[in-house]
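The values are calculated or read from the model by the stated rules, or taken from the named source; none is laboratory data. From a predicted model like this one, the values you see are computed outputs, not experimental measurements. We work out accessible area using only protein heavy atoms, side chains counted, and drop any ligands, DNA or RNA first. Shrake-Rupley method; radii C 1.70, N 1.55, O 1.52, S 1.80 Å.
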Amino acid sequence: MLLVTSRKPIWLHSDANSRLRTLKGAIFDWDGTLAQIDDREFYCINQTLTAHHSKPIDLGFLIKNYYQRAYENGTGPRMVLETALSRDDGARIDEAYETYRKLLRDTVNKAKLQSGALELLSTLKARGFKLGIATMRFTRSVVAEELDLLKVSPLVDVLFTREDLGPGRGLESLEEVVDKRKQLVIRALDRLRLRVEDAFLVGDSWWDVRAGKKLGIRTVLVRTGFARYNDFSKENPDVTINSLVELENRLESKGWNL
C-alpha cells in the first residue's frame, strides 16, 4: 500500500524562497476523519426514536439534518432528533437526547475506522511523528475506549476532547465552535511540544479548517464525514483529499514530500 512504501521524512516547502522544514507531528480530528461514525449514529438515533415512540428515519433524513446543516449552530445528532421528534406533539428533546447519549456510550463495539486510518497512523508513527487526536466529542472516556478497541491508542501520544476544556454545556455560537476547536489543537500541540509550523491538522469540517487557519497550522481537509456532503473549498484548506489513503500522494503533489 502506498502509505507504507517510503521511509523518507516529510518535508514542507511553503514557497519558493523558504527553506525546507521537517514536519514532526500531526493532529487529527476523530469523528468523520479517523473514525467512520455514520452507521453508529444512524443506529443510535433510530433506537432513540423507537424508544420514544417515534418513527425511525431513513439515511436521506440523516444526511439532510446531520451533515447538510453544517453551518448551523448545534450538534448533528441533536438536530436530527429535534427535527424527527417535531413530527410528534409533546415530544421532549432533552429526554430523547439523553437516551441517545447513553446509547452512544453503550455501542463502542460498533465503532469503525475510516479506510486507511490505521495504516496512515502506523506509517507516521514509524517515521517518528508525534501524533495527537483532538475531537469536539465531549465524553473523553468513551472516545478513549473507542481508541483502545480500534487499536489506535498505541499509535497516538495525546487525546483531547471537549471535556478537557471544562464543564459541559452546549456550544452557543459558530464562533465558539471554532474557538473550542482551536483550544483543543493548542493543547495537543503544547503536550506534544510542537510548534504550529512543525505539524499539520487533519479534519473533515469547516471548523477544523477555520480553527487551523486562525492558529496558523497547515490544514488537510478529508472529504469524509461532513466534507463528504458539503463543499468546504471556500474555507481554503491547504490540502484536500478524498480519503486518508490519498494523503501521501496528495502531500507530495503540494510539495509536502514523503
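Side notes on the structure shown:
- D (Stokes-Einstein, µm²/s), Kirkwood Cα radius, the chain, 1.567 mPa s at 4 °C: 68 µm²/s
- At a probe radius of 1.4 angstrom, the accessible area of the chain per residue rounds to 47 square angstrom.
- Nearest-ten-degree value, helix 140-149 long axis tilted from longest Cα axis of the chain: 70 degrees
- Cα-based Rg / Dmax (Å) for the range 30-175: 16.5, 57
- Helix 38-51 vs. the chain, principal-axis angle (Cα, 0 to 90°, nearest 10): 20 degrees
- Whole-percent carbon and sulfur share, accessible surface of the chain, 1.4 Å: 48 percent
- Between the Cα long axis of helix 93-106 and the first principal axis of the chain there is an angle of about 50°, rounded to the nearest 10.
- For I241, residues with placed amide H under 5 Å, excluding near neighbours: L221, V222, R223
- Debye equation applied to the C-alpha atoms of the range 113-219, log10 I(q)/I(0) at 0.13, 0.21 Å⁻¹: -0.48, -1.26
- 3J(HN,Hα) from dihedral phi, the range 226-241, Karplus parametrisation 6.51/-1.76/1.60, rounded to Hz, x for glycine, proline: 4, 6, 5, 10, 9, 9, 9, 4, 5, 7, 6, x, 5, 9, 10, 10
- Legend: translational diffusion of the range 31-71 by Stokes-Einstein, Rh = Kirkwood radius over C-alpha pairs, 10 °C, 1.306 mPa s; D = 145 µm²/s.
- Between the range 86-132 and the range 214-233, the Cα center-to-center distance that results, in Å: 18 Å
- Helical content alone sets the calculated 222 nm signal of the chain at -11500 deg cm²/dmol, taking -39,500 (n - 2.57) per DSSP H segment of four or more residues and averaging over every residue.
- The alpha-carbon of K64 sits under 20 angstrom from the alpha-carbons of these aspartates and glutamates, leaving out residues fewer than 8 places away in its chain: D31, D38, D39, E41, E72, E82, D88, D204, D231.
- Cross-link pairs beyond the 24 Å C-alpha cut-off, checked among K55/K180; K180/K234; K125/K151; K24/K112; K151/K182; K130/K151: K55/K180; K24/K112; K151/K182
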